[in-house]
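Presented below is the structure to which this report refers.
The values are calculated or read from the model by the stated rules, or taken from the named source; none is laboratory data. The structure presented is a predicted model; accordingly, all values stated were derived computationally and were not measured. Here Cβ is always computed from backbone atoms with ideal geometry, including for glycine, and neighbour counts include all displayed protein chains.
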């Protein structure tokens, strides 16, 4: 019996084979993952070979001054005229000083494609020692509601749709009012999609 070599242990050899196969499977899986088989899509190349990106919404320029009783609004790249149905450029003396609208405007019109729309604009002030100004412009048609809104406290401007904003959304001029900013569905922020530039001018 002393001349017999190393004792054959089937269990140990089988374990080595299993571990070897497992290592090969792991290598294959790693190669598959590195090739992009995890389901994530790579950025699509544009016509010039560069990765395409989503274009950021741009705030349009404010239109020129409108004739009395009319206004012009730009939504994205579409420009439409409207009639001013109500306009006030100074605070309502009947409203309480600590909570009152400083500027209000409503209007109605029809786009070039025949879609009726309405506009509501307001600059509202709340508080006495520290005043919070809230500017809101709402554009509504049968298919959508777009709203731009900006808050100002002690000169600090906050716009959830446009973090770069630093000026009021609503501004008055002699005999009229202007506004420009980014709009989307009421309550939506910059990460919800649907941002669109909006600008208007109206004369009372």
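Kindly indicate whether residue 163 is modelled with pLDDT under 95 and under 19 Å from residue 76 (Cβ atoms). Explain how you work it out, then say what you get.
Details: modelled with pLDDT under 95: yes; under 19 Å from residue 76 (Cβ atoms): no.
No; evaluated as a whole, the condition is false for this residue.
For segment 51-62, name all the residues that are surrounded by fewer than 16 Cβ atoms within 10 Å (Cβ to Cβ), assigned to a loop (DSSP other than H, G, I, E, B) and at pLDDT below 95.
Within segment 51-62, the first condition is being surrounded by fewer than 16 Cβ atoms within 10 Å (Cβ to Cβ), and the residues that meet it are 51-56, 58, 61.
Then keep just the ones that are assigned to a loop (DSSP other than H, G, I, E, B); that gives 52-56, 58, 61.
Within segment 51-62, 52, 53, 54, 55, 56, 58 meet the criteria.
Looking at the structure I just gave you, is residue 122 under 23 Å from residue 204 (Cα atoms), surrounded by 15 or more Cβ atoms within 10 Å (Cβ to Cβ) and under 20 Å from the mean Cα position of the chain (by Cα)? Steps first, please.
Details: under 23 Å from residue 204 (Cα atoms): yes; surrounded by 15 or more Cβ atoms within 10 Å (Cβ to Cβ): yes; under 20 Å from the mean Cα position of the chain (by Cα): no.
Criteria not met by residue 122.
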